[in-house]
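Just below is one structure, and these are the notes that go with it.
The values are calculated or read from the model by the stated rules, or taken from the named source; none is laboratory data. Since the model is a prediction, treat every value here as computed from it, not as a measurement. Please note: Cβ atoms are built from the backbone with ideal geometry, for glycine as well, and neighbour counts cover all protein chains shown. These accessible areas exclude ligands, DNA and RNA; they are computed on the full protein's heavy atoms, side chains included. Shrake-Rupley method; radii C 1.70, N 1.55, O 1.52, S 1.80 Å.
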Amino acid sequence: MARTVLEVRSLEAGYEPGVPIVRGASIRVEEGEIVVVLGPNGAGKSSFIKAIAGLVPVSGGSVTLDGQDITGAPAHRMVRLGLAFVPQTENVFPLMSVEDNLKVAGGVLPKREVAPRIEEMYRLFPDLRERRTTPAGNLSGGQRQMVAVARALMVRPKLLVLDEPSAGLSPKFVSMVFQMLTDVRKAGVTILLVEQNAKAALAIGDRAYVLVEGRDAHEGVASELWNDPVVAELYLGHRASPAQGGESR
Amino acid sequence: MNMQFLVDGLLTGSMIGLGAIGVTLTYSILRFSNFSHGDLMAWGTYATLMFVGAITALFGKVAPIAPLSFGWPLLLALALGMLFTGGLALLLDKILFQRLRAKGQMIIVVMASFGASMALRSLLEFLFTSSPAYFSRAIQIAKPIGFGIRITPDQIALLLLTAALVTAVHLLMTRSQIGREMRAVSQNIGLARVVGIDVARVVRFTWLIGGALACVAGVMIGVLVQIRPLMGFDMLLPVFAAAILGGIGSIPGAVLGGLIIGLSEAAAVQIFGAEWRAAIAFVILMAVLFVRPIGLFGVGER
Ligand SMILES: Nc1ncnc2c1ncn2[C@@H]1O[C@H](COP(=O)(O)OP(=O)(O)OP(=O)(O)O)[C@@H](O)[C@H]1O
Ligand SMILES: [Mg+2]
């Protein structure tokens, strides 16, 4: 039986006291999995994972990472606890070179491990090696996501959490980003992913949760969820039909 | 045209540039214009003067180093003064700016820095009166170095010191982990937290560096001109002009802005007369911002 990396129980969180946006959501991520969180616009997906990552105040429930309670720990401690977060937008330092983006994240590691870890990142993302001196803000959208993911992986996190990594990218880069995530998982990283692009996310995910009005309304195996008629009708904006399967839309 | 204005301009420009580094750092990392920065310069200078006095009391009169007007006591006192001024800046942040920053309204923090400026200045006048003080009464002979330029050994030493400090700060910002963290915080403070940077530590470091450099700028004025409680406040406008001219947030920009303003002030004095000194900084500032609104090395709004 796989180890549970992340266990979120009945999480409540919001931006202002007394106005919860996340209202009792529970999820679980096993070691080596890619778990996807889906949901309509404004369902609170970003708020949910930001609360997990310590960026939105938590008012109830618990977050456990690898057996350790990390509920409400401040964001800058999360990487030390083993949770690396990639925000939806503005997730690189635009005026710093690719290499400096990686180095600054390496501050959490012991000094002598930084250079070898950057080397590992360049092996995982060869494009970045060529662009090492380029300011991250000058890269294409897809390469910027690579920098953001490599930056998050610098600290060898137990869990990589991403907020809509495909948002705002052209179709070519969308497939590049999802390919990158499967490669990252192959390298042994456990991934929790929020996505708007349900089809592509379910194609690489193992399990998925559907979040509605701040609650997890549905859980399932990723490949089955796409064809689940109730889920499809309600939340994913396509009509499931057994004949066409996931190819509709 | 007499080339002497080059020396005067480089010296004034160095003082302005060192002050502007502090202003530009505070602005880019804490997002507010610290109007008490000039008074940190004055406090640093008086602190250094006190340390010189203490060292002289402990070790007796020390002969100056060959052609200079000062000896090792001033250098040691300057190092102590830099620490003191960095500490003073930290203290100001702790008791004043930090709380107001947490409430979010930047204009309030800026006003508080005005208040701090007045309080710091009045306290200096109370402690030391408004009559000028000097590090040394010795008159230095300016040596001709060609092209009609004359320069004193003190002036050469302080220009070298400025060059060394600016290089050190530049290397710190570009090559060290704390420098990378400072740049990261200035570019995106939320992401900096996500990356694991302890922002409070970066803020403390920023005040330390800004304060220490303010002290050096003040001591330069003290050595080359005189020490007065108003000495820093009077530098505030050129210092801000230099920071804006260079592009807010840019350290090379702040230094270059300082040199441009220093040199043009000196040239204006020579060409048009001393009453034009203050105006020229603004003419240049306006001219540059007209062509390049983000300043010479600026990178635009983030
Ligand atoms: N910083 C904030 N302060 C206050 N309310 C916010 C903030 N960010 C989001 N909200 C509110 O929280 C609710 C959920 O937003 P959230 O961004 O979490 O949804 P989402 O599922 O990620 O949406 P999207 O698909 O558009 O990314 C929305 O009603 C939004 O108005
Ligand atoms: Mg979102």
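State whether one or more residues within segment B:232-248 are surrounded by fewer than 14 Cβ atoms within 10 Å (Cβ to Cβ), out of contact with any Lys or Arg (no Cβ under 8 Å at 6 or more places or on another chain) and within 14 Å of chain A (Cβ to nearest Cβ). No, the conditions are met nowhere in segment B:232-248. Has segment B:80-91 got at least one residue that is more than 28 Å from B:LEU11 (Cα to Cα) and free of Cβ contacts under 8 Å to residues at least 60 places away in the same chain? Yes, segment B:80-91 has at least one match.
Filtering segment A:41-55 to residues that are in contact with a strand residue (DSSP E or B) (Cβ under 6 Å, 6 or more places away or on another chain), part of a loop (DSSP other than H, G, I, E, B) and within 20 Å of A:PRO157 (Cα to Cα) leaves only A:ALA53. Which one is nearest to the other protein chains (Cβ to nearest Cβ), of the residues in segment A:19-57 that are near ligand 2 (Cβ under 10 Å from one of its atoms) and charged (D, E, K, R)? Restricting to residues being near ligand 2 (Cβ under 10 Å from one of its atoms) and charged (D, E, K, R), the top hit is A:LYS50.
Answer yes or no as to whether A:GLY188 is surrounded by fewer than 22 Cβ atoms within 10 Å (Cβ to Cβ), away from every other protein chain (no Cβ under 14 Å), within 16 Å of ligand 2 (Cβ to nearest atom) and in contact (Cβ under 8 Å) with a residue 40 or more places away in the chain. No, not satisfied.
When segment A:66-91 is limited to residues that are more than 8 Å from every other protein chain (Cβ to nearest Cβ) and β-branched (Val, Ile, Thr), the one that is most open to solvent (accessible area, probe 1.4 Å) turns out to be A:THR89.
Report, by residue number, each residue of segment A:36-77 that is in contact with a Pro (Cβ under 9 Å, 6 or more places away or on another chain), away from ligand 1 (no atom under 16 Å from the Cβ) and touching a residue at least 24 places away in the same chain (Cβ under 8 Å). The answer is A:GLY60, and nothing else. Each residue in segment A:158-169 was checked for being in contact with a helix residue (DSSP H, G or I) (Cβ under 7 Å, 6 or more places away or on another chain) and over 16 Å from A:THR89 (Cβ atoms), and 1 pass. Exactly one residue among A:ASP127, A:ASP100 is among the acidic types (Asp, Glu), buried (at least 19 other Cβ atoms within 10 Å of the Cβ) and assigned to a helix (DSSP H, G or I), and that residue is A:ASP100.
Look at (1) of a type in the set (A, V, I, L, M, F, W, C); (2) assigned to a helix (DSSP H, G or I); (3) modelled with pLDDT under 95; (4) over 18 Å from B:ILE221 (Cα atoms) and you find that B:LEU74 fails only one, number (4). Summed over segment A:154-185, the residues that are within 12 Å of chain B (Cβ to nearest Cβ) and either more than 16 Å from ligand 2 (Cβ to nearest atom) or surrounded by fewer than 20 Cβ atoms within 10 Å (Cβ to Cβ) (or both) give a count of 3.
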